[in-house]
1. Measure off, as a whole percent, the carbon and sulfur share of the 1.4 Å-probe accessible area of the chain, all protein chains present.
2. Sticking with the crude label model, points 7 Å out along Cα→Cβ, report the distance from Ser628 to Asp159 in nm, one decimal please.
3. Relative to the longest principal axis of the chain, what angle (0 to 90°, nearest 10) does the C-alpha long axis of helix 2-22 take?
4. In percent, how large is the relative contact order of region 336-394, given Cα pairs closer than 8 Å and 6 or more residues apart?
5. How big is the Cα convex hull of region 157-245 in projection, averaged over all directions, in nm²?
6. In terms of solvent-accessible area of protein heavy atoms at a 1.4 angstrom probe, what is the ranking of Glu567, Glu49, Glu253, highest value first?
7. For the pairs Lys129/Lys158; Lys48/Lys426; Lys372/Lys426; Lys426/Lys522; Lys485/Lys577; Lys86/Lys129, note any where the Cα-Cα span goes beyond 31 Å.
8. Hey, what's the per residue convex hull volume over the C-alpha atoms of region 234-359, in cubic angstrom?
Amino acid sequence: MIAAKSWVDKVLGVLFLIILCSGNLRAQSFRFAQLTDVHLNHNAPQKKEDLLRCIACINATDSLDFVLITGDITDEGDAGTMQMAKDCFDLLQVPYYIVSGNHETKWSESGCTAFAALFGSERFGFVHKGVRFLGFNTGPLMRMAYGHVAPQDILWLKDSLDSNKHIPTIIVTHYPLLPNDVDNWYQVTELLSQYNVRLCIGGHYHRYRNLSYDGIPGILMRSSYRDKEGRTGYGIYEVSKDSISVFVQQEGEPLMRLTSYAMTGDIVDVNGHCMGKDEVLIQYPDYSDNRIYRQVKETWLNSTGVGIYCSPACDKKRVYVGDDLGNLTAYSLNKGAQLWCFKGGSRIVGNPDVAGSIVVFGTSEGKIFGLKAIDGTCLWTVKAQAAVLGGVTIRDHIAYVGASDGCMRAIEIETGNILWCYDKVKGYIETKPLVTDSHIVFGAWDNTLYALQKQSGDVQWQWTGNIRGMHYSPAAVWPVESDGKVFIADPQRALTAIDAQTGTTVWRTKQSMVRETIGLSKDGKRIYSKTMNDSVVCYATQGNIPLELWATDVGFGYEHAPSMLQEKDDVVYGSTKEGMIFALDAVSGRLLWRHKVGNALVHTVVPIGGNKILFTTTGGEVGLLTTSKQKYYSRK
C-alpha cells in the first residue's frame, strides 16, 4: 500500500507540473510590495532614513511574499551608494527582485556593470503561484537620451515569454513604456501584446499614474522617499485568481486602494481598449523625412542585435565599432561586410580610435587594448584599476584615454608602454579628450575641466566655473579649441569660452540653452552646438564676448543627447536621440537634409568626405549614408 501511494503521489506531482507549465492553472492569491525611486545619496541622509522606515513597515506587514524594486535606487549611480542601498534592501525579511533606473545607467563609474555585480543580474524572471514576473533594464546607458530596451534584452524577453505563452505575466521596468520615455517602446509593446501580459509595473515619475502602453495596462508608483507632507510610502499589490488590486501604503495612514486589473478574460487598459478586440492605435516613429530628402541613401546598414554606446572609428578601408557585449568589430568601409571581431570581454562605452595600423579602445572591465587594424590581433593590453569608459584620441602615435580610476593615460600605440599617467582626477571620465600641440583637455564627473601638459601630463590648469552638483559636470562634451580659447557646453545649458593658457573664463552664456554638444569649423572661426529645442546655433570663436552668427530650426524637437556636431567639406553634420541625422550649410546654417535611421540615439557621426557619413545607434545599427549633391529643402 505504501508503494502504491508513493507511485500515485509521483503521478499526481507530474500532472500538477504539466498543468502549471501549460498555463491552465489559475493564479493563487498572494501579496507583494513595490519600492521605487529611493534616490539614496551620501549627502542626503534623510533618504536612507526614509528607505529604512519603508523597510521596517514592510517587514511588519503580514502575508507579503516578496518585494519589487523598480529603479533609481541612487542619485549618482556610484557603486558605494548602490552598496548602501543593497545593505538596506538585505534587511527585508522576504525576497526582493530589482531592476535599475536611469540614475544607475546614465551616471555610472563602472559602465553600468556594478549593478549586476551587486545584485546578480540586470534582469530577472520568475514564476510565483501561477504568475510570471519579468523585469529588465530600460536604460539609457551612459548617454543622456530617452530610455531604451537593448536588442539583447528584447530577445531575452521574447524567449522568456515563449517558454509559456499563456501564463499570466507582469512586466517590471523603471521607465513607463511610452513615447517620450522609451525610444523603442513600440518594439516592446508589439511583443508584449502577443502574450498574456496583464500589467506593467514601474516608477520614474515619482507619483501614481494609471497608464496605457498601446493597450497594455501600466501603473507607476509613488517615490518611496518622503513627500511634501513628510510621508514615506510604497505600493502593495494583492493578486487573486481574478484580479490584481493595487494599494498605496503611506506612513501613518490606512492602506489606500488605487485601482484594480483583471487577471482573466480580456486585457482592458485605462482607456477601455480591449487587447485582441478593440483596435489599439499604436503611434509609430515618423519616417516622412526620408521621402522628402531623397538625396540621402543608406549605402549599407547592419543591425547587429547588440546595443552600441560609442561612435565608430575608421581608416581608409575599415570601420571599427565597439558594443555592449565587449566586441570590437571591423567592417568593410565600402560594403559593410564584417571582416573580423575581437572579444574584449566586457561592455565598450568609449569611442575607439585608429591610427596607422593600430586601433585602440577600452572596456568596462578596466582594460585598454591595442589591436592590429588589419585582422584584430591583440598587440598589447594595459590594465586600469577601474572601468575604462573614456573615448580614445590618438595623436602622433600616442593614445590618450581616461578611466574611472581617476587617471588619464598617454600610451605609445606600437608598444603599449605608458608614457605618463595623471592620477588626480576626482571623478570618472567618459569624454573623448581634446589633444593639441601643447596640452590635453577633458572633463570628468567631478565638476572639473582639466588641462594637462601634453609631454609630461602635469596639470596646466583646472576649471570649475563655480558649477555645483555632479550632474552638471562638463564631462560628456568633447572640448574644442580655437583662437586661444577652449569651448565647452555643459548640462547647465551654457556655452563657455575658457582661456586655453590660464583656464580663466573668457565668456559664458545661457542665451541659446545648449547642452553637452559642440563642434568646430575647419577654419576655426565658428563653433556649433545643439539647443534643447529644435535648433542648431553657431557662434564666432574670435573675440571676448559671445557672438551668435546664425541659428537654424532643424525641427528635431526636445533634444539632450551628447552627440557632437562635425564639419566636413563646409557641411555641419549632427544627430539626435530619436534616430535623426541632419546636415546644415556651415556658413549660412541653412538646412540641407534630414534622414531618419531608426528611433534610437545616434552617436556622434563620422563624415569621411565624398558626402559619406558613418553612424552607429544604441539600437545596434552600424551604417553608411551617402548623399548626392547638397540641395536646400525648406521644411514642409
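1. Exposed carbon and sulfur together represent 50 percent of the surface.
2. 4.5 nm
3. Helix 2-22 sits at roughly 50 degrees to that axis.
4. That works out to 34 percent.
5. 6.5 nm²
6. Highest to lowest solvent-accessible surface, that is Glu49, Glu253, Glu567.
7. Violating the 31 Å Cα-Cα cut-off are Lys372/Lys426; Lys426/Lys522.
8. Dividing the Cα hull volume of region 234-359 by its residues yields 256 Å³.
The values are calculated or read from the model by the stated rules, or taken from the named source; none is laboratory data. Everything quoted here is computed from the prediction, not taken from an experiment. Here Cβ is always computed from backbone atoms with ideal geometry, including for glycine, and neighbour counts include all displayed protein chains. Accessible surface areas use protein heavy atoms only, side chains included; no ligands, DNA or RNA. Shrake-Rupley method; radii C 1.70, N 1.55, O 1.52, S 1.80 Å.
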